[in-house]
Structures are given as C-alpha cells and as structure tokens.
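Since the structure comes first, as structure tokens, the remarks are kept for the end.
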Amino acid sequence: MNTLCDSLLSKDIKLQLKATDHHDALEEILSTLRSDVRVRDWEELRSALLANSLKENLLDSTSAMLLYHCRTENVSELVLAAGRSTTGIVIPGREERIHLIFVAAIPGALNNEYLRILGAISRVCGNPMAMQEQLGVENTADFLAFLEKGCRS
C-alpha cells in the first residue's frame, strides 16, 4: 500500500507559488514534474491534465483547495505535486481564494490507491482549521508530515 509520501515528493512541493491565477499555478506546479523519472512523457501528461482541468467546474467547490487529476499511462505510478499560495489565488466568480493546489496523475492499474490518497487529501484540506494550520507550515518536510498524519487519521 502506497503512502502519501511515496507519491508526493519534497521536490514536487512549491510552498510559495508565484502565480496569481489558477492556470499559471497549474503550470508552475507541473514544472516540478518535468524531469521526474515516474513521468514517461511530460508533454502528454501536461496535455492530459490541462484537458481534464477544462472539465472541472471551478465554481462548484467551496474549499480553498483545487485538485487537478487525470488517469494516464504517461506515468509509471501515482504521481503527486502540490503548490501553496498564502495570499490565495482568485478565481473569478468564486468567493473564497484558493490556497492549495494539488496535481495527481495515475496509471489505470492503481485505482484504489489513487482514490484513497486523494480522498484523504480532500478531507484534510477541506477542514478549515487544518487548512489554516497547513498555511502556516514553514517547510516541505512539515507540509508532507501534516498531510501524511491527516491521511492516517
């Protein structure tokens, strides 16, 4: 069974996103996966995530988190990346700013792990008190530890 830390590596976490809109934030986070050995074809992965993100309704969620995800054979295992904006990213038409953005890609064979880990991330980051605590975390090791703890709860 995979743990969150098997899929979300410290090198793939950006705690200070420079982007001010969700499209640029997605690109900034995706850039961390460009040379990842688990990614077979970065351009195809990027295309799949962008195509899937167009289907997402960004106005439906009330959480301060966005999760871009896709199933693709362009990765060899579950691959996660994350970004944090302490000031928040504005999405027109949404009241709440986005503070955490996650990217997830999975090959078809790992369906159960994918759902378990993404569900845990959503539960942890959907909790307003946990979100505030996560925004105050100062380094990637603590960011990962906080998420991992939440995923075990």
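Each value in this text was obtained by applying a stated rule to the coordinates, not by laboratory testing. Here the structure is a predicted model, which means the values were calculated and not measured. A quick note on method: Cβ atoms are made from the backbone with ideal geometry, for glycine too, and the neighbour counts reach across all protein chains shown.
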**Message:** Using the Cα centre of the chain as the reference point, and only Cβ charges (+1 on K/R, -1 on D/E), how large is the resulting charge dipole? Debye, rounded to the nearest 20.
**Reply:** 200 debye
**Request:** Give me the distance between the Cα centres of the range 1-37 and the range 81-153, rounded to whole Å.
**Result:** 11 Å
**Derived scalar couplings ³J(HN,Hα) [the range 81-98; Karplus, 6.51 cos²θ - 1.76 cosθ + 1.60; whole Hz; x for Gly, Pro]** = 9, 9, x, 10, 10, 6, 7, x, 10, 7, 10, x, x, 10, 6, 8, 6, 8
**Message:** Along its three principal axes, how long is the range 4-152 when you only count alpha carbons? Whole Å, largest extent first please.
**Reply:** 35, 33, 25
**Fill in**
Sorted by chain and then number, the residues having a modelled amide H within less than 5 Å of the amide H of R40, at least 5 places away or on another chain, are V75, S76
**Item:** Cα gyration tensor, the range 92-153 - rounded (a/c under 1.5), prolate or oblate
**Value:** oblate
**Request:** Have a look at N74, G93, Q132 and report the one farthest towards the positive end of the charge dipole of the chain, computed about the Cα centre with Cβ charges (Lys/Arg +1, Asp/Glu -1).
**Result:** Q132
**Message:** As a test of the formula, what do you get for the chain when each DSSP H run with n ≥ 4 contributes -39,500 (n - 2.57) and the sum is divided by the residue count, at 222 nm and rounded to the nearest 500 deg cm²/dmol?
**Reply:** -13000 deg cm²/dmol
**Segment D6-R94, extension gain: residue separation times 0.36 nm, minus the distance between their alpha carbons** = 28.4 nm
**Asked** If contacts are Cα pairs under 8 angstrom and at least 6 residues apart, what is the relative contact order of the chain in percent?
**Response** 28 percent
**Item:** Nearby aspartates and glutamates by direct alpha-carbon distance to K14 (threshold 14 angstrom, same-chain neighbours under 8 apart not counted)
**Value:** D24, E27, E28, E138, D142
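Could you work out how much longer the chain between E43 and T20 gets when fully extended? Use 0.36 nm per residue separation minus the Cα distance between them, nm to one decimal.
So the extension gain works out to 6.0 nm.
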